[in-house]
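Before any comments, here is the structure.
The values are calculated or read from the model by the stated rules, or taken from the named source; none is laboratory data. Please read all numbers here as calculations on a predicted model, not as lab measurements. Positions of Cβ are generated from backbone atoms using ideal geometry, with glycine treated the same way; all protein chains shown enter the neighbour counts. Side chains included, ligands, DNA and RNA excluded: accessible areas come from the protein's heavy atoms. Shrake-Rupley method; radii C 1.70, N 1.55, O 1.52, S 1.80 Å.
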Amino acid sequence: MQPFVYDALPMRVVFGAGAVEQVRAEVGRLGASRALVLTTPNQQADGERIAALLGPLAAGVFSGATMHTPTHVTAAALARLTAAGAQCVVAIGGGSTTGLGKALALRTGVDQVCIPTTYAGSEMTPILGETSDGAKTTQRDAAILPETVIYDVDLTLGLPVGLSAVSGINAIAHAVEALYAETRNPIVSMMAEDGIGALAEALPRIVAAPADRAARERALYGAWLGGVCLGAVGMALHHKLCHTLGGMFDLPHAETHTIILPHAVAYNAAAAPEAMARVARALRVDDAARGLYDLAGRVGAKRGLRDIGMPEDGITRAAEAAMRNPYWNPRPLEAAAIRDLIAAAWRGDPPRP
Ligand code: NAD
């Protein structure tokens, strides 16, 4: 067995249908007497419900969370947090809301209770991406990691089908890259394979019946595992490409992951045969890259970058940017092949073996 180092991250997880009812007890467990609820404008009603469940512990609802954690939004939330004298934030929503909670924790040391309602997985990581003046910076710090995560399947029943599909494949991407990560280890690889299997099985069922609670539970479980993978080991080419493309062309996060993943996997296939075998086994297919492309098709996701707003003349620029400060990757980055990969993903072609 290859030697490895495994840093387990401290984290309390409360998982189950109706688990959100425990939010007040969970905030109390952290020793906080006031908690500010965070959410997006879309999920104001969810935020109000959490405030009602918190009762006397509620210090109000800040519903201004938005994509990419802009620092001016964090500044506004920080003012609310300080004025309310809260020692805790409760973030209910997707990765955007979780990001705001993390940004506040980094600045003030407040505790975080996260209640994820998508499959993005940010709640499991000590990683924060923030934007200021159009530039995105990412940092890793122990203070960013949430203290408690409540996974309640009932809060995901209304996640729109299209977003469910791509958000689920976003979670699969974390697990896939964990299997060939430079810092991979057997425990995280076990979680990765199980997470891919759970999501690949659940997502088509959710598309067929969005309120299928059992399928939603499997997907949320898989998303949790995907998030653990992302927080535990380093990511590679796929995540580098998604960060580059998302930042350059302001592309939607989960959709970009869904389109790039089969191509990044095909690029790495020959350099990471063991990982590919595990991905294929989890997907119950013969070829990992093709299986991921077909899964995206089955759940009705867009498969071309041109379909989500990337201009064709951006292909070469994106390839050049991806070659700068590359992440570690099992196969070295070759400029011409990376350009071909982005071009194929732009057109929506199947991945090349
Ligand atoms: P999101 O949080 O932006 O949510 C998208 C929209 O869906 C929002 O309007 C939200 O209110 C709505 N929504 C969420 N859950 C819903 C539900 N159950 N029902 C109805 N509407 C719902 O999207 P996301 O994909 O979860 O997160 C993307 C962001 O998270 C990106 O900024 C990305 O960079 C970040 N992210 C960070 C990490 C990390 O480790 N730092 C990991 C993954 C994603």
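Scanning the stretch 120-169 for residues that are open to solvent by 50 Å² or more (accessible area, probe 1.4 Å), in a loop (DSSP other than H, G, I, E, B) and farther than 20 Å from ILE206 by Cα turns up ASP133, GLY134, ASP141, GLU147. Among residues of the stretch 112-123 that are without any contact (Cβ under 8 Å) to a residue 40 or more places away in the chain, those with a beta-carbon under 8 Å from a residue that is more than 7 Å from the ligand (Cβ to nearest atom) and in a loop (DSSP other than H, G, I, E, B) at least six positions away or on a different chain give the pairs GLN112/PRO146; GLN112/GLU147; CYS114/PRO146. Only residues that are within 16 Å of the ligand (Cβ to nearest atom), open to solvent by 20 Å² or more (accessible area, probe 1.4 Å) and not acidic (Asp, Glu) were counted across the stretch 245-294, and they come to 5.
Output the residue which, of all residues in the stretch 33-51 that are among the polar types (S, T, N, Q) and within 21 Å of LEU128 (Cβ to Cβ), is least open to solvent (accessible area, probe 1.4 Å). By that ranking, first place goes to THR39. Of the residues LEU30, LEU54, LEU9, the single one that is away from the ligand (no atom under 16 Å from the Cβ), open to solvent by 10 Å² or more (accessible area, probe 1.4 Å) and of a type in the set (A, V, I, L, M) is LEU30.
None of GLY85, GLY16 is open to solvent by less than 20 Å² (accessible area, probe 1.4 Å) and at positive phi except GLY16. Scoring ILE169 on the criteria (1) aliphatic (A, V, I, L, M); (2) within 21 Å of ALA17 (Cβ to Cβ); (3) within 14 Å of the ligand (Cβ to nearest atom) leaves a single failure, condition (2).
Number of residues in the stretch 61-76 that are away from the ligand (no atom under 15 Å from the Cβ) and open to solvent by less than 30 Å² (accessible area, probe 1.4 Å) equals 0. Applying the set (1) of a type in the set (Val, Ile, Thr); (2) more than 11 Å from the chain's Cα centre (by Cα); (3) within 11 Å of the ligand (Cβ to nearest atom) to VAL110 leaves exactly one unmet item: (3). Mind telling me which of the residues ILE172, ILE187 ends up being in a helix (DSSP H, G or I), outside the structural domain of GLY94 (by TED's automatic domain parsing) and in contact with a helix residue (DSSP H, G or I) (Cβ under 6 Å, 6 or more places away or on another chain)? Within the list ILE172, ILE187, the selection yields ILE172. Evaluated against (1) buried (at least 24 other Cβ atoms within 10 Å of the Cβ); (2) closer than 30 Å to ASP7 by Cα; (3) away from the ligand (no atom under 13 Å from the Cβ), LEU203 falls short on exactly one condition, (2).
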